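The values are calculated or read from the model by the stated rules, or taken from the named source; none is laboratory data. Nothing here was measured: the structure is a model prediction, and the numbers come from that model. Here the Cβ positions follow ideal geometry from the backbone for every residue, glycine too, while neighbour counts run over all protein chains shown. Heavy atoms of the whole protein, side chains included, go into the accessibility calculation; ligands, DNA and RNA do not. Shrake-Rupley method; radii C 1.70, N 1.55, O 1.52, S 1.80 Å.
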Amino acid sequence: MKSFFRSFLAAMAAIWLSSLIMFIGVFIAIGIVAAKSAVGNKNQLSIKDNSVIVMDLGGVVVDRSVPRDVFKELSGRDETTLPLNSIIRAIDEASKDSHISGLYLKCNGIEAGLAQTDEILGALCRFKKAGKWIASYADNYSQNDYVFASVADSVYLNPSGSVDLHGLQATTLYFKDLLNNMGVEAQVVKVGTYKSAVEPFMLDGMSDASRHQQEVYLGNIWNHLAKSMAQGRKISIEKLNHIADSLPAFLAADVLKKEGLVDRLLYEREVDRILYKMAGNEDKSDEKRPAPNYIDILDYAGNFDLNRIGKGGDKNIAVVYAVGDITEDGDEGIVSENLVPVILDIIDDDDIDALLLRVNSGGGSAYASEQIWDALRYFKEKTGKPFYVSMGDYAASGGYYISCGADKIYADPLTLTGSIGIFGIIPSAEKLMNDKLGIHTDAVSTNPQGNLPTLFNSMTPRQREALQRNVDNGYELFTSRVAAGRKLSVDSVKSIAEGRVWDGKSALEIGLVDKLGDMNTALADLAREIGANDYNLKIYPDIELKWWQQLLDIDSQLKERAIVARIPYALPLYNTIESLGNLNALQCRMDYIIIK
């Protein structure tokens with residue numbers, strides 16, 4: 001028996017010791033990754049003559065740099081992120097750099113929002129206008145890739161490759177039958193004919209109003225992109241649309257060349273020599289595979305202080321990023337309990353001369369949106385300093401709510417904005433509990449309305465009426481905020497509200513925004529207002545490297561990966577249903593739409 005216990009204790013000690021060693025190893029590895037993230041790129045590149053900037057379109061475009069995901073890096077599943085501000089600054093600086101001859105787009109399936117795409121296209125066009133060349137190559141061009149490639153002087157395609165050009169499609173997921181089968185009812189009240197964010201919980205397909213608004217803004221967005229591609233390829237829009245309708249993804253590469261979509265059919269190994277010559281180098285026959293001096297665009301961006309414009313100067317503009325869902329609390333997105341104190345701190349900072357709010361959000365909690373709106377109103381009232389808004393891919397519903405009080409609002413033509421409407425949603429799982437699981441509840445209340453609606457019991461008619469009044473009041477408040485901010489009558493606002501989503505160009509025509517332009521345009525105009533040619537940017541909120549939170553969050557990350565691995569594209573569906581029970585009762589939110 002003693003021998004057994006000695007063996008048992010020895011085994012337990014070995015397990016404990018190996019676990020401790022493994023934990024320490026993981027801890028050290030995380031520390032190394034964290035240290036690398038904190039240090040960043042501090043080394044100045046030595047730029048040689050005839051260098052070529054390489055922009056690898058094989059990642060996800062984000063509005064600003066984000067913390068490195070330690071768990072993903074350790075597991076080898078880290079995805080490349082392309083910070084929009086870094087990319088655009090690098091392209092603009094390269095256009096003025098005499099050492100840079102051209103730019104090489106390696107098209108590998110980029111993921112970018114519509115407005116993000118348009119902002120990068122603008123920078124690429126400025127690069128060309130500076131007298132420099134752009135070349136692109138892909139084994140297979142996705143439509144997103146090809147939008148960028150079309151502005152290139154030379155478009156190269158693998159001889160066995162393809163070009164996917166098909167137009168735009170907006171897809172909405174509908175959950176009504178799924179919820180019914182589960183015994184869950186989404187109890188919904190709303191204001192706005194076009195407020196379609198709740199339709200996935202009520203219908204099996206689009207309402208006529210929802211279909212109409214999507215047809216209008218998708219048509220406008222596609223016309224904008226098609227015009228850009230047609231001009232780049234020097235063909236008519238009619239021909240481009242004809243090609244898109246001919247399923248070019250299934251056409252042979254030589255046909256695509258004949259149609260003018262690409263210039264040459266090459267293998268990737270052949271591109272280096274061509275770009276070597278294009279960069280101005282003399283071809284050396286003794287070099288089997290000459291290649292120009294390639295510089296990765298993010299490495300090149302590391303040569304510049306992104307927060308200093310020109311020589312910097314003594315003027316400071318606060319740039320506040322508001323990206324993601326609007327919530328009252330939490331760790332991700334636009335969290336009012338975190339963002340409001342940031343704005344109040346900016347108010348107290350005498351070194352700040354102006355404020356730019358960068359919005360990329362489809363909305364969220366009506367209550368949280370009101371708190372952020374009020375903090376921004378207080379900034380204007382207390383400081384008298386200019387306050388501008390730059391809209392990204394989305395600034396809709398709650399995203400527009402927090403924007404509407406700005407002195408000037410800038411949107412990209414492809415921004416989706418508006419969606420001025422309110423809805424309330426309270427899920428009920430009463431049928432699931434009673435009929436499917438056999439769980440029943442009973443209660444005693446001191447007052448007639450003490451039994452408030454929960455997952456276990458549905459709303460009474462009186463409670464539904466009360467929620468509808470609350471939604472109506474929220475809509476009146478929302479429209480009054482817009483009317484005051486845009487200097488319009490409430491009736492004028494209501495005529496373009498009703499929850500309708502508008503593209504940026506249409507939003508300009510109806511007075512929801514002041515000017516079409518990217519973030520750099522807004523910053524330049526704001527700098528002129530405060531009399532600054534050179535100025536500094538102070539970026540908010542701070543990006544904190546919380547690698548310990550990532551470690552603690554491994555379970556949820558594994559769950560997400562398991563869902564994606566088993567059912568591709570199911571994660572948005574899972575997240576939507578999971579969040580249904582956690583939503584604030586009043587929501588300013590546009591519908592979740594996948595545009596491809």
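Remarks
- Residue order for 277, 515, 132, 258 - accessible surface, 1.4 angstrom probe, largest first: 258, 277, 515, 132
- Solvent-accessible area of residue 596 with every protein chain in place, 1.4 Å probe, in Å² to the nearest 10: 140
- Taking 0.36 nm per residue of separation and subtracting the Cα-Cα distance, full extension of the segment from residue 129 to residue 250 would add 40.2 nm.
- Ranking by accessible area, most exposed first, for 537, 178 with a 1.4 Å probe: 178, 537
- Which listed pairs, of 315/494; 96/596; 128/195; 515/596, have C-alpha distances above 30 Å, in listed order: 315/494; 96/596; 128/195
- Charge-dipole axis of the range 132-202 as Lys and Arg at +1 and Asp and Glu at -1 on Cβ define it, positive-most pick from 163, 144, 173: 173
- Long pairs among 380/538; 385/538; 239/505; 106/277, criterion Cα-Cα beyond 22 Å: 239/505
- 229, 206, 519, reordered so the largest accessible area comes first (probe 1.4 Å): 206, 519, 229
- Partner aspartates and glutamates whose Cα lies under 16 Å from the Cα of residue 176, excluding those fewer than 8 positions away in the same chain, are identified as 185, 199, 204, 430, 578, 591.
- The gain in end-to-end length when the residue 231 to residue 211 segment is fully stretched comes to 4.2 nm, 0.36 nm per residue minus the alpha carbon separation.
- The antiparallel fraction among DSSP beta bridges confined to the range 44-194 stands at about 0%.
- Evaluated with a Cβ-only charge set (Lys, Arg +1; Asp, Glu -1), the range 298-395 carries a dipole of roughly 560 debye about its Cα centre, given to the nearest 20.
- DSSP beta bridges confined to the range 359-463 are antiparallel in about 10 percent of cases.
- Within the full protein context, the accessible area of residue 81 is estimated at about 50 Å² for a probe radius of 1.4 Å.
- Dipole of the range 403-545, positive end: most advanced residue of 458, 532, 508 [Cβ charges, Cα centre]: 458
- Computed about its Cα centre, the charge dipole of the range 112-190 is approximately 360 debye, with only Lys, Arg, Asp and Glu carrying charge at their Cβ.
- Comparing Cα centroids, the range 334-405 and the range 178-203 end up 30 angstrom apart.
- Under a model in which nothing but the beta-carbon of Lys, Arg (+1) and Asp, Glu (-1) is charged, the range 187-260 shows a dipole of about 360 debye around its Cα centre.
- Surface/4 estimate of mean projected area, convex hull on alpha-carbon atoms of the range 139-298, nm²: 14.7
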